[in-house]
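The values are calculated or read from the model by the stated rules, or taken from the named source; none is laboratory data. Since the structure is predicted, the reported quantities are computational estimates derived from the model, not experimental observations. Glycine gets a Cβ as well: all are built from the backbone with ideal geometry, and neighbour counts include every protein chain shown. With ligands, DNA and RNA removed, areas are computed over all heavy atoms of the protein, side chains included. Shrake-Rupley method; radii C 1.70, N 1.55, O 1.52, S 1.80 Å.
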Amino acid sequence: MFRWTIKSLVSEPLNFFLTSLVVGIALLLVIFFEAVFHGESQKIIAYPQNINPDVWVMQRGVFNMHMATSFIWDWKKDRVEEVEGVADVTPILYLNSIVEAGSRHWFSFVVGLKQGNKRAGPWSMATGSSHPGKGEAIIPELLGMIANVMLGDTIRIANKTFTIVGFSKDTFSMANSIAFISYADLRDIMSLSGSDSYLLVDAEPGVDPSLLAQRIKENVSKVNALTSAEFIKNDRELALQMGVELIGIMTIVGTCLAVSLVIFMLYMFMEKRRRDIAILKALGFGKFAIISSAIIQAFCITMTGLVTAVILMYTADFLTDAFYPQVSMLITPESLMRVGLVSLLIAVFASLIPICQTMKVDPLLAFQR
Amino acid sequence: MVNKILIAENLTREYGSGRALVRAVDNVSMTVLRGQLVLIMGPSGSGKTTLLSMLGGLLRPTEGKIMISDTEITKLDESVLPSIRARKVGFIFQGFNLLDALTVEENILFPTQLVAGGINAKRARANELIERLDLSSRRKSLPRTLSGGEKQRVAIARALINSPPLILADEPTGNLDSHNGQEVMMILQNIVNDEECTVIMVTHDPRVEDISDRILWLEDGALRNRKTELHSWVKDPVCGMRVDEWTAEVFMEYRGKRYVFCSYRCQEKFKIGPTKYITS
Ligand SMILES: Nc1ncnc2c1ncn2[C@@H]1O[C@H](COP(=O)(O)OP(=O)(O)OP(=O)(O)O)[C@@H](O)[C@H]1O
Ligand SMILES: [Mg+2]
């Protein structure tokens, strides 16, 4: 019986292949949205993740960077420097704003860098300078490619004109790119004097960052201090939260679509086997054997579909990297596991259909000519 | 050993209800002995297939009881009927009904999974049947590469593999040309003789009448005494062949007169230009 189950599954290879492919595409829907979303949220935390100081110091009540505003008086930098265990403090200005390049607009982190800063600027450069001077900007290489601007061209940030002096790598995302300008320029844009946005603190060797953060909070008034790990965690949570509903809906839509497609394909697949089932019944095979056979077939199709989906997913990942670098996908083992689990559930759920179908088949069908 | 292989008492099967009620089989009783070749004949729609499927435990009668070698199958639960079928009944269908994904040998051995010993216990028997039904060269072939006659021989081997006491065949030659049909009939007759099993066969083929032990004539679901004259021979107006008006499958009315044909092909020809064939 097992032999027949498998042989009849692949006896029409094209049919089997097409069924698995469609099931695979359906399951792909579930993985795809997740992967794009995870890739995107990974990009949103690119700045804190790559800059990675030991401790972030910010205005009290602020916990992260994305969609946040923070001001701290610049004299507090000196207070922080005095705290025991602090090796170095780098102040930055930071603004959520729009970069206008070509004729398009990009929502961006704009970071204002002090001259001669050691750690707050772009971490990987494609070309040009990594230290913006007055009236100069460093933008993501990909943004430059899409907007078709070169070194020396001008762009606008918060309605001020800047000349591009450098292209950075790893700083583009569809939802949130990162642009670097000089501290002085950003201070003018924000009409500030005497305050910074964040302080990036490096600890002395051997000093525990969480203890240091604690000490800074105790010794400097009205600031919040977080280890880099906590800060990134908060940012990631916020980024995920913002997309969670959308992605939740997409996943539900994708899953429903997948379930209906899988059910439909299994239904079509089993419809073709009605006569075979009638023969099995007439020959004297019982419910158990026939149902198990239907379940095994449904399971095989869904699992082949899952493998197809994973292959398609990696192909899509590769292709978008090559042709649409602005889309960043991240395929995490967890999301693969989750899709595996979802497809298992789909397989179980969808095999109810062939079970009902096989139960309904009248063995007298075998008497038809 | 039981000599009465099959006893049916007052079998009735109805389809539908109310005004749409059809009594496909109407109060049929019969007893069939071991080693008999019994024919069920009758016009189209007279309930032959319905009767046969009840005898094989595939369809429950509305009323009446059936005993197959001392087991009253009409009393049995739905869940045990399949195993009765597997051990006691072999089916041969007009449409062959082989499993397309399996080879000839696998098809023949397929029902052995349902009985004690399984495939290995029946290999010798399968080989013997393959030899006997002249299928040795097609052992590893898939059904779609076989001729109609070969397919039906595979189906016969499959029906025999578990040595059931009762073989039920519904127009086993219906899809075969006359040569292959004849051959299948010969095989079935030999089986009855050699294997001491019982064959109940629905057929329209008048040539089998001579080799059969009994003929049951079914009309409107009930067993009738057949008309005293066994046949009413008429001529197919197209090819001129002799056709039995009582059992003919293919017929039509034309200008108030009934015409009987040997095959659908002749009927089609007739439909295109009836006047060509009518010599009034
Ligand atoms: N599932 C069903 N539902 C309703 N009526 C049915 C059903 N099966 C058969 N019948 C009716 O029962 C009667 C007997 O049908 P059956 O198939 O047994 O005839 P038959 O003698 O085998 O005919 P044929 O020689 O054409 O095969 C017919 O009138 C048919 O229309
Ligand atoms: Mg019939």
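The table below gives the values:
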| read-out | value |
| --- | --- |
| CD proxy at 222 nm, helix term only [per DSSP H run n ≥ 4: -39500 (n - 2.57); per residue of the protein assembly as shown; nearest 500] | -13500 deg cm²/dmol |
| Isotropic mean projected area of the C-alpha convex hull, the protein assembly as shown (nm²) | 46.1 nm² |
| Surrounding net charge for B:Pro82, when Lys and Arg each add one and Asp and Glu each subtract one, Cβ distance under 15 Å | +3 |
| Anchor A:Lys114: aspartates and glutamates whose Cα lies under 18 Å away (excluding residues fewer than 8 positions away in-chain) | A:Asp74, A:Asp78, A:Glu81, A:Asp88, A:Glu136, A:Asp185, A:Asp188, A:Asp196, A:Asp202 |
| Most fluctuating residue given options B:Lys88, B:Lys151, B:Lys257, as computed from a GNM of chain B linking Cα atoms under 10 Å | B:Lys257 |
| Charged-residue dipole, Cβ positions (Lys, Arg, Asp, Glu), chain B about Cα centre, Debye nearest 20 | 500 debye |
| Degrees separating the helix B:148-160 axis from the principal Cα axis of chain B, which is the longest one | 40 degrees |
| Evaluated at q = 0.28, 0.31 Å⁻¹: base-10 log I(q)/I(0), Debye formula over Cα of the range B:233-276 | -1.05, -1.25 |
| Per residue, in Å², the accessible surface of the protein assembly as shown once ligands and nucleic acids are set aside, probe 1.4 Å | 46 Å² |
| Whole-number percent relative contact order across the range A:61-221, with pairs defined as alpha carbons under 8 Å at least 6 apart | 33 percent |
| 25 Å Cα-Cα reach of B:Lys271 towards lysines, excluding residues that sit fewer than 8 places from it in its own chain | B:Lys235, B:Lys257 |
| Shape category assigned to chain B from the gyration tensor of Cα positions, a/c cut at 1.5 | oblate |
| Per-residue average of Cβ from other chains inside 10 Å of A:8-14 | 2 |
| Heavy-atom accessible surface of the range A:1-119: percent carbon and sulfur, 1.4 Å | 58 percent |
| Loop sites in the range A:177-228: trypsin sites (Lys or Arg not before Pro), DSSP, at most 15 other Cβ within 10 Å | A:Lys222 |
| Pairwise label distance in nanometres, B:His179 with B:Arg255, each label 7 Å out on the Cα-Cβ vector | 3.9 nm |
| A:Asn219/A:Ile146 FRET efficiency (R0 45 Å; Cβ-Cβ; nearest 0.05) | 0.45 |
| Protein accessible surface hidden between B and A, which excludes ligands and nucleic acids, total in Å², probe 1.4 Å | 2200 Å² |
| Cα pair distances of the range A:27-99 binned at 5 Å [whole percent] | 3, 11, 18, 19, 16, 11, 8, 5, 4, 2, 1, 0 |
| DSSP-defined beta bridges in chain B - what % are antiparallel, rounded to 5 | 60 percent |
| Of all accessible heavy-atom area on the range B:233-276, the percent that carbon and sulfur account for (1.4 Å) | 54 percent |
| For B:Ile167, residues with placed amide H under 5 Å, excluding near neighbours | B:Gly90, B:Thr198, B:Val199, B:Ile200 |
| Cα-projected label distance for B:Asn10 with B:Asn127, points at 7 Å along beta-carbon direction, nm | 5.2 nm |
| Estimated FRET transfer efficiency (A:Thr332, A:Leu21; beta-carbon r; R0 35 Å; 0.05) | 0.90 |
| Extension gain from A:Gln241 to A:Arg156, taking 0.36 nm per residue of separation minus the Cα-Cα distance | 27.6 nm |
| Cleavage-rule hits, GluC sites (Glu not before Pro), the range A:82-146, DSSP coil, Cβ neighbours within 10 Å at most 16 | A:Glu84 |
| Highest-fluctuation residue, B:Arg255, B:Arg139, B:Arg224 considered, GNM on chain B with Cα pairs under 10 Å | B:Arg255 |
| Top of A:Phe162, A:Phe349, A:Phe231 by mean-square fluctuation, Gaussian network on chain A, Cα under 10 Å | A:Phe349 |
| Residues in the range A:252-291 that, when all protein chains are in place, have 10 Å² or more less accessible area than the chain alone would give (probe 1.4 Å) | A:Arg275, A:Asp276, A:Ile279, A:Leu280, A:Lys281, A:Ala282, A:Leu283, A:Gly284, A:Phe285, A:Gly286 |
| A:Ile249/A:Met67 FRET efficiency (R0 22 Å; Cβ-Cβ; nearest 0.05) | 0.55 |
| DSSP-loop GluC sites (Glu not before Pro) across the range B:5-99, with at most 10 other Cβ within 10 angstrom | B:Glu78 |
| Simple spin-label estimate for B:Ser263 and B:Thr62 in nanometres, 7 Å along Cα-Cβ | 3.9 nm |
| Cα-Cα pairs of the range A:294-369 separated by more than 19 Å (percent) | 55 percent |
